[in-house]
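What follows is a set of notes on a single structure, which appears directly below.
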């Protein structure tokens, strides 16, 4: 902001300094007070506080001092017809900063010197490159060329102050010549996960401006300008916009290192699934990429179980846990899962972060992990770095998957050329062979050096870290036998009522019913069902409120008949089951009715007689009769009541029937 002394304001207005000082003292004129070199107070008046008339007079003087109203007869050659026709949006001198006004003054002096130099040459264009060289020596920070001189001189003659301000490098280095609207249009295309090139986004931005912002088209610079300014966009913003949230979080957000020094072995097991990076032949002879459901002990880093499967599900999780316990690793204190459906089954470990209000309102029986005394922790969704087991999967890929001939990689560009031919000729490892060598892979991994940060385990193998904890007793090793484990790991259904067809489980897309001849007596009781997926011939039924075992129901195969073509045997079984149920109910009904009591009518008469004991109608001592009008009732006082003969009235009623 420009400031004037009291003396300068007085000269500009044509008045005395005393008058200006009075205006400042009375608050009529804004000013700030400062100390001069002698320590005395002085007033400085901002130009913006002056009246418009004085403000215009001040900037006119400044404009004349800069020489922005020359009277030159020569006009240099116009080299850019497009620039000559470009409309000039003029700004007042007071809209520029002091540094910009200094730049304007410098260019005015350069242009005057240039015109003086050109006048000495017969062919004036010969002076231009020589003069540019001279200016570069005197002002190395200024970018100058004959074209720039022509452009600046055009702005000089048109009193276009903006044109005299350097638009790149030097004076306003770091400022952008791209209009904000054009830049916003460009970045809205460039910062997307489509990852368009700069030239593509530039062409789209120009097309949009031609259609909707024609006034901006003439001022759009070249694509190279956009390329330079793209380099100034922060890398984190580029990563988020062009590669997505996950890539941004994995690469740029801070991370927390988990401290496992306070843990003991078997305190936490980490579980996850991994799709293998090679093709195999399934047990059915189909080409596929199998998966493994893996449990890793957090302290030592050993893999305690790896269950091979076609597609991970809650049963593979259950089987992997069973395998780890029976191998001798015991039952963990807690487990750490992500939020996959294979872990967040309602009867396995609860729903984790997948909870919905509808699920919370439903009643659920105790989960398998609760029965085993295992606490469950779920990772934040889409947060792969929170699970150290991901490092094992990378190691498995690099050391083991790449050793298999049918290696296909995790992405198409990682796939070897011979993989396609191997799949076509079906020269692949089978799942049966893979089940035999998978434990060897796991033992090899557990026998490698400990890779954690605890220095006391340096140069020890992972399995040695585990073994040392076991020998030192620094572990809570809980275990059970196979029979009890099978009971504890049974799957559990949601709460249901016993229905006409008994109870059911949903398995492999089918509803399978279970009942016996006595289930008809327990219809509408609220229960839950536990079953072993390996043996679906029977299920166990438990009471909802107390978790008490109630019944064992066999599978009711006769209730699952084909719509057409049902076997006669199953139809006969259904009919026989209905007959047994009817007989059982009839038998109990007969047991309830076996006492030979009196008839219903006699029982009702007995009840009526017993209830009417002491029955009488009270008689008042006096009353007021209601009689016909022709009788005089005044003064009448009746103290004796005569009741009608009921027998005679009934005889009259019987005689009048049918009349």
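Read-outs throughout are calculated quantities, based only on the coordinates presented, and are distinct from any laboratory measurement. For clarity, every value in this text was computed on a predicted model and none was experimentally measured. All Cβ positions, even for glycine, are placed from backbone atoms using ideal geometry, and neighbour counts span all protein chains on display.
Over the stretch 218-349, the hull volume per residue, using the convex hull of the C-alpha atoms, is 212 Å³.
From the alpha carbon centroid of the stretch 267-287 to that of the stretch 176-200 is 43 Å. Note on the stretch 469-548: semi-axes of the ellipsoid equivalent to its C-alpha gyration tensor, largest first and rounded to whole Å, are 34, 15, 10. Among 520, 148, 575, 292, the ranking by other beta carbons within 10 Å of each residue's beta carbon, starting with the fewest, stands as 575, 148, 520, 292. Against the compact-protein benchmark of 2.2 N^0.38 Å, the Cα-based radius of gyration of the stretch 438-583 scales to 1.68.
Computed over all pairs of different Cα atoms, the Kirkwood value for the hydrodynamic radius of the stretch 289-353 is 12.3 Å. All Cα-Cα distances of the stretch 137-281, cut into 10 Å bins from zero to the largest, leave 9, 23, 23, 17, 11, 8, 6, 3, 0 percent in each bin in turn. Within the stretch 248-314, the ratio Rg/Rh, alpha carbon atoms throughout and Rh by Kirkwood, equals 1.12.
So what is log10(I(q)/I(0)) for the stretch 367-439 at q = 0.25 1/Å, when the Debye sum runs over its Cα atoms only? Computed log10 I(q)/I(0) values: -1.16. Residue-normalised convex hull volume from the C-alpha trace of the stretch 361-490: 232 Å³ per residue. Binning the alpha carbon pair distances of the stretch 222-265 at 10 angstrom intervals from zero yields the distribution 23, 29, 22, 15, 7, 4, 1, expressed in whole percent. Averaging over every viewing direction, what projected area does the convex hull of the Cα atoms of the stretch 501-596 cover, in nm²? Value for the stretch 501-596: 8.3 nm². Projected over every direction and averaged, the convex hull enclosing the alpha-carbon atoms of the stretch 410-478 yields 8.3 nm². Placing pseudo-labels 7 Å out from each Cα toward the beta carbon at residue 275 and residue 453 gives an inter-label distance of 3.3 nm. Calculated on the alpha-carbon coordinates, the convex hull of the stretch 177-248 measures out at 78 cubic angstrom per residue.
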